[in-house]
1. Conditions: (1) farther than 29 Å from THR76 by Cβ; (2) in a loop (DSSP other than H, G, I, E, B). GLY222 meets all but one. Number of the miss?
2. Pairs under 6 Å by beta carbon, first residue within 30 Å of ASP261 (Cα to Cα) in region 220-233, partner among the charged types (D, E, K, R) and not in a loop (DSSP other than H, G, I, E, B), six or more apart or different chains?
3. Just need a number here: residues in region 225-252 that are under 11 Å from LEU208 (Cα atoms) and either open to solvent by 60 Å² or more (accessible area, probe 1.4 Å) or within 25 Å of the chain's Cα centre (by Cα) (or both).
4. Can you tell me how many residues in region 231-248 are within 28 Å of GLY219 (Cβ to Cβ) and part of a loop (DSSP other than H, G, I, E, B)?
5. Select, from LYS186, LYS173, the only residue that is open to solvent by 60 Å² or more (accessible area, probe 1.4 Å) and within 30 Å of LYS257 (Cβ to Cβ).
6. Of (1) within 20 Å of VAL73 (Cα to Cα); (2) in contact with a strand residue (DSSP E or B) (Cβ under 7 Å, 6 or more places away or on another chain), THR201 satisfies all except one. Which?
7. Looking only at region 61-110, how many residues end up being over 23 Å from GLY168 (Cβ atoms), among the acidic types (Asp, Glu) and touching a helix residue (DSSP H, G or I) at 6+ places or on another chain (Cβ under 9 Å)?
8. Those residues that are within 18 Å of ALA279 (Cβ to Cβ) and open to solvent by less than 10 Å² (accessible area, probe 1.4 Å), I need them from region 189-205; list them, please.
Amino acid sequence: MRIRATAAALSGALAISALAVPAAQAADGSGNGAAKAQLSSSAAKIPTNAAADDSQGDTTITNVTVNGGKDIVVGTSLKKTFTVSVTATDPSGIYDGYAFLWHGTDLNSETGVDGAMTPSEDHGTCKAVNSTTSTCSVTLVADPNSNIYSNILAGRWHVYASAVGNDGDYSIKEDYRSGWVKRAAKLTTNASPEPVTKGATLTVTGALTRANWDTLTYGAYGVGSVQLQFRKAGTSSYTTVKTVTSDSRGNLKTTVKADADGYWRYVWAGTSTTSVATATSDYVDVK
């Protein structure tokens, strides 16, 4: 009975409330995103009883993995479903593990949280590693039509994690580690003329855009450094030829000397708020 009561306190009691983003926080957004946050009760729901760091006994959280260690990349329409896994240990074994993501400055303040992604289930799905250790997983959803409501949410999110031992001991970490939620980027490449005379000038253009969560459209990234790469026909690897800076509208343009048949592409390394992007390569026949 004590085990179930403790698990309920840490997992089941973390039921999702109907608390939406405070109006003052939502006002920081712009355009459709701010309106969406104010009108939708699902824009940033947070668990009602999410406790601060606490522990009892010898239950220990040893690792938390978000989306398999990869960035959570969100576009303008499709939901991104991902898993958060909590690995914990206790001499008696692990009864349950739970996690969610939150964005803001203070989980224990209504005005300190402006975004949250929580599981629909009250308990994690646990798989024993051995008699003392288990990995428990929950499924979260990042949705540009609800909880990813504005560009202000791009970047670092906090990961809340808890675990309960079979003996009722527990561990709670309100900011165990970071998860990175990024605006999806797109990149294009076009090399011309095609075909081109060997030794002649080849012009390579393109554009760097990214998802705008305020308007739910893709727009110009602006000024950024993008690598132009080339792969010679018959080979398997690309070589960076030069770095090209996009203009304020995200447009790219540069010239190179055409020496051999092959594939040209632009590659964007990404930032803390915007995903990496690799353009579809453009093959050029050199005569």
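1. (1)
2. LEU228/LYS242; GLN229/ARG265
3. Result for region 225-252: 9.
4. 4
5. Only one candidate passes the filter, namely LYS186.
6. Answer for THR201: the failing condition is (1).
7. The number of residues fulfilling the criteria is 1.
8. Across region 189-205, the qualifying residues are ALA191, LEU202, VAL204.
The values are calculated or read from the model by the stated rules, or taken from the named source; none is laboratory data. Since the structure is predicted, the reported quantities are computational estimates derived from the model, not experimental observations. Cβ: placed from backbone, ideal geometry, glycine included. Neighbour counts: every protein chain shown. All accessible areas refer to the heavy atoms of the entire protein, side chains included, with ligands and DNA or RNA removed. Shrake-Rupley method; radii C 1.70, N 1.55, O 1.52, S 1.80 Å.
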